[in-house]
Structure formats: structure tokens, C-alpha cells
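The values are calculated or read from the model by the stated rules, or taken from the named source; none is laboratory data. If you're wondering where the values come from, they're calculated on a predicted model, not measured in any experiment. Here Cβ is always computed from backbone atoms with ideal geometry, including for glycine, and neighbour counts include all displayed protein chains.
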């Protein structure tokens with residue numbers, strides 16, 4: 001799995017959920033299909049008068065979620081910025097050519113007056129497949145984005161009792177001193193954290209620090 005494959009899978013999904021935060025700090029979600037995919041970025045169209053557009057212009061942070069029929073969750077988190085002004089018309093034409101239904105919504109030149117095209121070039125993608133056993137997850141950086149580590153690790157305080165492995169739904173913990181979690185198969189459910197008698201299981205916080 002890689003960035004290009006994840007973006008292609010999102011393209012196959014078609015309609016994606018875009019999450020933003022409004023001016024009052026409340027979460028907002030829209031389903032968006034006016035999207036064009038490049039190997040290293042996502043380009044999408046919306047109307048300038050929509051709250052969605054104002055939220056993107058004010059902040060830019062957005063999360064995009066797609067879920068495939070194979071039980072794959074793909075989440076893209078990044079910052080959406082308008083494409084340069086001299087490229088707006090090109091990308092509007094590209095998106096409308098790929099999505100013919102849009103001409104019924106914005107016929108003729110109304111699309112160019114009403115519309116604006118954003119791109120997400122820098123960020124991270126999380127891939128999470130619940131359709132395999134054990135489950136599989138991995139994160140990838142896009143452009144200048146960084147991968148934020150999540151989940152749990154087992155520290156040197158481990159006493160080797162095996163309670164973490166016994167209570168792991170995916171059996172993704174391997175014996176040793178200390179025991180070790182296979183991160184690509186971890187659900188992040190927290191069972192190991194809850195049952196460890198030695199406090200050896202630590203939650204990974206933003207920036208990769210465990211606490």
C-alpha cells in the first residue's frame with residue numbers, strides 16, 4: 001500500500017465525506033464528489049457562497065474519509081488551499097469533464113462565476129483494513145506532510161506476564177522482554193493498556209511520545 005494506491009481507492013469510492021469546523025467550533029461534514037485526483041494530491045470544486053468554502057478559506061484544515069466495499073477505511077488529513085488563480089479555469093474544466101452531472105447543477109459559465117477549486121497537497125493518509133485477519137493499518141505522508149504516530153507501545157517495565165497478549169483481540173502482541181506490539185495489526189482498542197499490572201503499556205501521543 002502507498003499514497004498513490006490510497007488515492008486511487010478514494011477515487012473508486014467516488015463520494016467522500018469532508019469534515020471541517022465552523023466559526024463556532026462545531027464539526028461540519030459534507031459529501032463531496034466533484035473531485036479530481038493527481039498521483040500526489042486531491043483537487044476539488046465547491047461554490048464560493050457555501051459555508052464549506054468559507055470554512056476552508058478561514059482555516060483550511062480538513063479531513064476526508066472514504067470507506068470501500070472491502071471494509072477499507074482511508075482518511076486523508078491535510079490543509080486545503082485554493083489552486084492559483086491562473087489555474088482555476090483549467091481545473092474547473094477538468095472536474096466538470098470527469099463529472100458530467102455537474103453541468104446540470106452549474107450550466108454554462110455559471111460554474112466559473114460560482115465555483116472555486118481547492119487542492120490538498122500536504123498531509124497524511126491513514127489506511128485501515130478491517131476486512132483481513134489480522135487487521136492492517138498504516139499511515140503515509142503526502143508532500144510536506146508528517147505522519148502522526150498513534151496507538152500503544154510496551155516499555156521496559158514489562159514483567160512478561162502475558163496478560164496483554166491474552167486480551168488482545170488481534171493477537172498482535174509478541175512475547176519477549178519487553179513484549180512488543182505489531183503496530184500494523186493493532187486496533188488501538190486499549191485492552192493491553194487496561195489490563196497491564198505493571199503499567200508498562202503506554203499510549204503514544206502526538207509527536208510520537210509515549211505516556
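So here's what we get for this one:
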{"item": "Residues of the range 43-102 classified as in a helix (DSSP H, G or I), under 22 Å from residue 23 (Cβ atoms) and in contact with a strand residue (DSSP E or B) (Cβ under 8 Å, 6 or more places away or on another chain), total", "result": "6"}
{"item": "Test: residue in the range 153-162 that is at pLDDT 95 or above and closer than 30 Å to residue 59 by Cα", "result": "no"}
{"item": "Members of the range 146-158 found to be surrounded by fewer than 14 Cβ atoms within 10 Å (Cβ to Cβ) and over 11 Å from residue 180 (Cα atoms), listed by number", "result": "146, 157"}
{"item": "Answer from 181, 173, 116 - the residue that is in the same structural domain as residue 88 (by TED's automatic domain parsing) and surrounded by 16 or more Cβ atoms within 10 Å (Cβ to Cβ)", "result": "116"}
{"item": "Options 100, 134, 107, 84: the member that is touching a helix residue (DSSP H, G or I) at 6+ places or on another chain (Cβ under 6 Å), assigned by TED's automatic domain parsing to the domain that holds residue 66 and either more than 19 Å from residue 42 (Cβ to Cβ) or loosely packed, with under 15 Cβ neighbours inside 10 Å (or both)", "result": "134"}
